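Working notes for the structure below.
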Amino acid sequence: MAREPRERQDREERDSEFVDRLVHINRVAKVVKGGRRFGFAALVVVGDQKGRVGFGHGKAREVPEAIRKATDAAKRALVRVPLREGRTLHHDVVGRHGSGKVVLRAAPAGTGIIAGGPMRAVFEALGVHDVVSKSLGSSNPYNLVRATIDALKREDSPRSVAARRGLKVSALQARRGDSDGAGADA
């Protein structure tokens with residue numbers, strides 16, 4: 001019995017490190033013999049503001065229960081994203097889901113988060129401070145969040161690219177500056 005409070009404390013400490021953003025609530029009605037039965041669907045984004053983010057979808061008859069289910073689902077589906085200097089992306093990236101398409105661009109310090117509602121929630125939960133983004137196609141919050149997560153999954157750090165190519169990070173970074181003049185020589 002003494003073990004239960006300790007486990008609950010550990011779970012609360014782990015949960016307290018996450019910040020959650022409610023992105024969208026959808027009310028649906030089912031027509032039955034006695035009238036309408038209402039249900040709620042919630043879309044929640046969860047992150048630790050240090051490079052991990054996830055989203056979840058929950059349905060229930062009451063709003064708080066739907067939000068709780070969505071938050072639990074989001075915590076089970078966390079994705080790690082490499083960030084440059086802990087504030088922005090390493091490179092520009094495009095993500096898609098259904099007819100939703102998003103373009104994410106790295107930005108200099110002081111730019112802030114330039115993004116629409118659902119995408120802004122993802123960046124705030126992720127801990128990105130400077131990013132420019134554009135959503136194209138669908139404006140459905142579910143598609144936008146999924147497209148943004150898809151784009152973030154495609155994000156690569158110079159360290160992982162160097163390891164994959166068998167190079168040193170410094171050689172890769174030096175090559176980055178040379179790429180401007182390399183096309184003119186050829």
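Using alpha carbons only, what's the Rg to Rh ratio of the range 82-179 with Rh from Kirkwood?
Rg/Rh: 1.02.
Rank the residues Thr148, Thr71, Thr111 as a footprinting-exposure proxy: fewest other Cβ atoms within 10 Å of their Cβ go first.
The most exposed by this proxy come first: Thr111, Thr71, Thr148.
With the chain treated as a Gaussian network of Cα nodes joined by springs under 10 Å, which of Ala171, Ala66, Ala74 yields the largest mean-square fluctuation?
It is Ala171.
Name all residues of the range 59-100 having a backbone nitrogen under 12 Å from the label point set 7 Å from the Cα of Val28 along its Cα→Cβ direction, giving them as ranges.
59-61
With a sphere of radius 9 Å drawn around the Cβ of Leu83, what net charge do the other residues whose Cβ falls strictly inside it have (Lys, Arg +1; Asp, Glu -1)?
After counting each charged neighbour, the total is +1.
Percentage of Cα-Cα pair distances in the range 13-135 greater than 26 Å, rounded to whole percent?
So the portion of pairs separated by more than 26 Å is 29 percent.
Hey, rough spin-label estimate for Arg68 and Arg164, points 7 angstrom out along Cα→Cβ, what's it come to in nanometres?
4.2 nm
Could you put Phe38, Phe123 in order, starting from the residue whose Cβ has the fewest other Cβ atoms within 10 Å?
With the fewest neighbours first, Phe38, Phe123 line up as Phe38, Phe123.
At Arg154 and Ser139, where each label point lies 7 Å from the Cα along Cα→Cβ, what is the point-to-point distance in nanometres?
So the label points at Arg154 and Ser139 sit 2.4 nm apart.
Every read-out reported here was derived from the displayed coordinates using simple, explicitly stated rules and does not represent laboratory data. This one's a predicted model, so the numbers in the text were calculated from it and none came from an experiment. Heads up, the Cβs are rebuilt from the backbone with ideal geometry, glycines too, and the neighbour counts pull from every protein chain shown.
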